[in-house]
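Undergrad: Next up is a structure, given as structure tokens.
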Amino acid sequence: MKILESVAPLAESYDGFILDIWGVLHDGEKPYPGVPEALRELRARRKRIVLLSNAPRRSWTVGEALAGMGLGAELFDGIVTSGEVAWTLLRDRTHPFFAPLGRRAFHIGPERDLSVIESLDISVTRDAAAADFVLNTGPDFEHGRESVAPYLPMLEAAAAAGLPMVCTNPDRAVMVAGQRLICAGAFADRYMELGGPVIEIGKPDPMVYETVLATLGLPAHRIAAVGDTPHTDLAGAQAVGVDAIWALTGLAGDHFGPNPTPEALDAEAAREGVTPKVALRSLRW
């Protein structure tokens, strides 16, 4: 697999870019070196850019966080988050999994993620027996973000009550300032082991790409999707027929270290069942 040192060669082949956020643009606290400059160079060349994240929050909250890091709205055409898609599904109730859900959510996650139900007729409870479904947005600071173990009593109580789970972030882990932390997808895995029904909203499900592709308004062969995670970013790109670019930052950087060999990348891609077009050392010009 070829490893690019810069995004510049990709600008010659593609008119639109789908960019993961956490692990590609920033490390959870600050942008990776060169990212603002790379985005400005792409925009100067009139490339269309949509950010697609498995963040369990609405898009506007992610936009505010990016602006606080110096990545303003002028650097991209739009943001789509799994939280935004989940909010729409909870509002409309037309999807078969969502149609029978009640209005009382047993929330597992921090309060800052509750934008996913803002303005909706949904109440939150911490008592599984009083709930209609589980709203899983990921770990909180109270119980820790390193292991599923402290959350097992909550997951077991919800499973015993027979509650369906809405997982608003299929990621299993994320890197934050060099530390590997769990995400909502890790809870979904354990809940399925307990026999609970789960729907995961986010990459790699093609449904979350609908707004992205409509915003880009380009033929699939002129679009590249850049992400650090094979089973979400790369698999999702392939599922909708756009070229996958493997960013070697974020989780990939944690897995491989600073200088992975092309052979190591090929072997891991084969294990994950993905075929990225190229790898990208980082999103810089």
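Undergrad: In segment 77-88, what count of residues is obtained for those that are open to solvent by less than 20 Å² (accessible area, probe 1.4 Å) and in a helix (DSSP H, G or I)?
TA: 3
Undergrad: Okay, moving on. Does segment 131-141 contain at least one residue that is surrounded by 16 or more Cβ atoms within 10 Å (Cβ to Cβ), under 27 Å from His231 (Cβ atoms) and touching a Phe, Trp or Tyr at 6+ places or on another chain (Cβ under 6 Å)?
TA: Checked segment 131-141: at least one residue is surrounded by 16 or more Cβ atoms within 10 Å (Cβ to Cβ), under 27 Å from His231 (Cβ atoms) and touching a Phe, Trp or Tyr at 6+ places or on another chain (Cβ under 6 Å).
Undergrad: Limited to segment 16-40, what total is found for residues that are assigned to a loop (DSSP other than H, G, I, E, B), charged (D, E, K, R) and open to solvent by 50 Å² or more (accessible area, probe 1.4 Å)?
TA: So the count comes out to 2.
Undergrad: What number of residues in segment 159-209 are farther than 19 Å from Phe97 by Cα, open to solvent by 60 Å² or more (accessible area, probe 1.4 Å) and in contact with a strand residue (DSSP E or B) (Cβ under 9 Å, 6 or more places away or on another chain)?
TA: Looking only at that region, the number is 2.
Undergrad: Going through segment 209-243 one residue at a time, which ones are within 15 Å of the chain's Cα centre (by Cα) and not in a helix (DSSP H, G or I)?
TA: Selection gives Ala225, Val226, Gly227, Asp228, Thr229.
Undergrad: Hey, among Arg112, Arg46, which residue is of a type in the set (Lys, Arg), under 17 Å from the mean Cα position of the chain (by Cα) and more than 30 Å from Leu265 (Cβ to Cβ)?
TA: Arg112
Undergrad: Against the condition under 23 Å from Ala159 (Cβ atoms), part of a loop (DSSP other than H, G, I, E, B) and either open to solvent by 20 Å² or more (accessible area, probe 1.4 Å) or free of Cβ contacts under 8 Å to residues at least 12 places away in the same chain (or both), how does Phe97 come out, does it pass?
TA: Spelling it out, Phe97 is indeed under 23 Å from Ala159 (Cβ atoms), part of a loop (DSSP other than H, G, I, E, B) and either open to solvent by 20 Å² or more (accessible area, probe 1.4 Å) or free of Cβ contacts under 8 Å to residues at least 12 places away in the same chain (or both).
Undergrad: Just to confirm my filter: which strands (runs of 3 or more DSSP E) fall fully inside segment 132-194 and include at least 1 residues that are farther than 24 Å from Arg104 by Cβ?
TA: Those strands (runs of 3 or more DSSP E) span 173-176, 179-182.
Undergrad: Can you tell me how many residues within segment 230-249 are at pLDDT below 95 and surrounded by 19 or more Cβ atoms within 10 Å (Cβ to Cβ)?
TA: So the answer is 0.
Undergrad: Just a yes or no: is a residue in segment 48-61 at positive phi and outside the structural domain of Tyr14 (by the TED database)?
TA: No.
Undergrad: Count, please, the residues in segment 244-257 that happen to be assigned to a helix (DSSP H, G or I), under 15 Å from the mean Cα position of the chain (by Cα) and not small (Gly, Ala, Ser).
TA: 1
Undergrad: Ile49: under 17 Å from Thr211 (Cα atoms) and either part of a helix (DSSP H, G or I) or open to solvent by 10 Å² or more (accessible area, probe 1.4 Å) (or both), yes or no?
TA: no
Undergrad: Right, another one. Taking the stated definitions as given, is Ala252 surrounded by 23 or more Cβ atoms within 10 Å (Cβ to Cβ), in the same structural domain as Gly23 (by the TED database) and farther than 20 Å from Thr81 by Cα?
TA: When the stated conditions are applied, Ala252 passes them.
Undergrad: When residues of segment 8-28 are filtered for being out of contact with any Phe, Trp or Tyr (no Cβ under 6 Å at 6 or more places or on another chain), farther than 13 Å from Gly250 by Cβ and not hydroxyl-bearing (Ser, Thr, Tyr), how many remain?
TA: The number of residues fulfilling the criteria is 8.
The values are calculated or read from the model by the stated rules, or taken from the named source; none is laboratory data. Since this is a predicted model, take the numbers as computed values, not measurements. Cβ sites come from the backbone with ideal geometry, for glycine too, and all protein chains shown count toward neighbours. Each accessible area value is taken on the protein alone, full model and side chains, heavy atoms only, with ligands, DNA and RNA left out. Shrake-Rupley method; radii C 1.70, N 1.55, O 1.52, S 1.80 Å.
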